[in-house]
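Accompanying notes for the structure given below.
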Amino acid sequence: MGEFFHAVRVFGDQLAAVRWEYLAVALALGVAKLVFRAIAWRTILRASFPGERLRFRSVFGAYVAGVGVNSIVPARGGDAVKLYLIKHRIPDATYPTLAPTLLAETMLDMVVAGGLMLWAFAIGVLPTHQVYAHLPAVDWRFFLHHSRATEIGLGVTLAVAVVALLLFIERGGDFRARVAQGFAILADPPRFLRGVVLPQAIAWVFRIAALYYFLLAFDVHASVHNALLVQVVESLATLFPATPGGAGTKQGLIVYIFRGQALSDSLLLAFSVGMNIANVLFGLVLGSIALFAMARTFSWRGLKPVHDEIP
């Protein structure tokens, strides 16, 4: 995190140069992205619980609250908040069914992010294993420095996962049915394409557009190419979410990935940390509003079940 706090100081020095009108546009595009992602999640939930009347505001509120928590809690703790809030708006819903809906909701993300990674690899901007191990801001560099122990740990984890899968197949009949219910949307390809893939594709357009305006806001050369590079950094930083929002890791990666451009390290650091702070603060505000509206509390630790009134 040391690189992150250094970047904060750099950002403070360049705060006066921020173009606030472009920053506002970037944040507004971020909200539009969340709207379309919530539309996709609602489609998935409605396929899993066809007899339930699920309001969009409930899905959007749960989604935004989770995003807000993810901005300050590592390891995607906000996903648990999403599931908790939506569970208490769907009678008889269970977590084994709800959790797969989030996996179904990220399928397109994995395809698009994977494609962007391949593109970045093809043009030679991604750091190699050896370079990763020496980037001081990459918070998961411990695993790169201790590759042998990491390989053993991954092997043990894989073995445990295989055993759990075999037990799941052999004895988890009811549990399997609940999990399969969460993937019900996949049994209806036209509905999946129309109600999930299409809104998520639109959300991706808003995501890249938001990054373009963030570049403008911090006076970094704005282009679709550079916006896609920033997205590659975002994706890499979330592979191992050891810090809230990937703070620290993003700063080290963005300086490396943009190394071939005539941009100063201080400008890149100011851009990266400024965008990170803006997203975190904005996500916290939106998430807190959504959390209070749905659960009458600003604390995700103090959540209590609150049901929508369904006329």
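As a footprinting exposure proxy, order Ile289, Ile152, Ile185 by other Cβ within 10 Å, with the fewest listed first. Walk me through the numbers before you get to the answer.
Working: Ile289 15, Ile152 11, Ile185 23.
Ascending Cβ contact count within 10 Å gives the list Ile152, Ile289, Ile185.
Derived scalar couplings between HN and Hα for the stretch 79-87 equal 5, 5, 5, 3, 5, 4, 5, 6, 4 Hz in order, rounded to whole Hz, by the Karplus curve 6.51 cos²θ - 1.76 cosθ + 1.60 (θ = phi - 60°), x for Gly and Pro. The order of the peptides 119-126, 204-211 by mean Cβ neighbours within 10 Å, most packed first, is 204-211, 119-126.
Extension gain, Arg19-Asp219: 0.36 nm per intervening residue step, less the Cα-Cα distance, totals 71.2 nm. Of the peptides 218-230, 275-287, the ranking by mean beta-carbon count within 10 Å, highest at the top, reads 275-287, 218-230. Computed from phi, the 3J(HN,Hα) profile of the stretch 24-29 under the Karplus parametrisation 6.51, -1.76, 1.60 (θ = phi - 60°) reads 5, 5, 4, 5, 5, 5 Hz, with x in place of Gly and Pro.
Each value in this text was obtained by applying a stated rule to the coordinates, not by laboratory testing. Everything numeric in this text was worked out from a predicted model, so none of it was measured. A quick note on method: Cβ atoms are made from the backbone with ideal geometry, for glycine too, and the neighbour counts reach across all protein chains shown.
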